[in-house]
């Protein structure tokens, strides 16, 4: 898909962070965008802001962990636009960094419910209609290098969810080709530096029925606390501009890339090292090179 002008795009988790930048860049190239987000106030604010320049954008409050909510989003999109050409399954959350034996059942239910099942529900609600529409289209699922490429051992809940997203996207892309559809799929690894997004305060959206059963051993740092800790340690942090990242993502779709990210060369060497360790029946982690928890 080379031209997004006039195409209908759906972006979940689109009221903030990477998702909001994707919406902004899609509007800039002429797409009509429907934003799905669980935060009503943030969604309304984002739609008002992004639509101020004349872009065609609307919002639907959506909990991607609920199949009924995602189906309602799809119904709204097709009632309003009669099509979907670009589906961005982008919504994501994270749990506190803990040893697996210190995580709680609700950590896994919440994070995998959003990060994994949210992608599955998006595919199930939209892809059959996209195929039936007979037009060219694309599905992009947001993963993370933390899990999709090389997981951090203390991020077991989040990393395992993102590893799952990477594999299911690989399966999806292959299935779409084998079925000879006009759709393609990509896995998106936000990259290029640290990302200043709402993932740092993701607990704000954690539902009461999935509240953590006990306090984490170490409270999750805010982005400001992380910056201060890095500064105190003499570390220079590189942050990625989110709008530039979104433009890179859209170009990856135009180029029909399955993996969309910055730093493919470094990724290749990382994966080759992990593969070599697996080939020697070793733990893939290079523990000596891992940052401290």
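The values are calculated or read from the model by the stated rules, or taken from the named source; none is laboratory data. Remember, it's a predicted structure, so these values are computed and weren't measured experimentally. With ideal geometry, Cβ positions are generated from the backbone for all residues, glycine too; neighbour counts draw on all protein chains shown.
Quick notes on this structure:
- When each of 237, 210 is tested for being in contact (Cβ under 8 Å) with a residue 40 or more places away in the chain and within 24 Å of residue 114 (Cα to Cα), the lone residue that passes is 210.
- Considering the conditions (1) farther than 27 Å from residue 168 by Cα; (2) assigned to a helix (DSSP H, G or I); (3) under 24 Å from the mean Cα position of the chain (by Cα); (4) modelled with pLDDT under 80, residue 288 is excluded by exactly one of them, (3).
- Single residue of 151, 190 found to be more than 25 Å from residue 46 (Cβ to Cβ), surrounded by 19 or more Cβ atoms within 10 Å (Cβ to Cβ) and modelled with pLDDT of 90 or more: 151
- Of the residues contained in segment 176-199, one or more are found to be part of a helix (DSSP H, G or I), under 21 Å from residue 257 (Cβ atoms) and out of contact with any strand residue (DSSP E or B) (no Cβ under 6 Å at 6 or more places or on another chain).
- Pairs meeting the criteria (first residue in segment 273-293 and under 14 Å from residue 153 (Cβ atoms), second residue modelled with pLDDT under 80 and part of a loop (DSSP other than H, G, I, E, B), beta carbons under 8 Å, at least 6 apart or on different chains) are 293/218.
The rows are residues; the columns are (1) assigned to a loop (DSSP other than H, G, I, E, B); (2) touching a residue at least 60 places away in the same chain (Cβ under 8 Å); (3) within 29 Å of residue 256 (Cβ to Cβ); (4) over 18 Å from the mean Cα position of the chain (by Cα).
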| site | (1), (2), (3), (4) |
| --- | --- |
| 6 | yes, no, yes, yes |
| 21 | no, yes, yes, no |
| 49 | no, no, no, yes |
| 91 | yes, yes, yes, no |
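- Extreme residue, surrounded by the fewest Cβ atoms within 10 Å (Cβ to Cβ), among residues of segment 273-285 that are part of a loop (DSSP other than H, G, I, E, B) and at pLDDT 90 or above: 281
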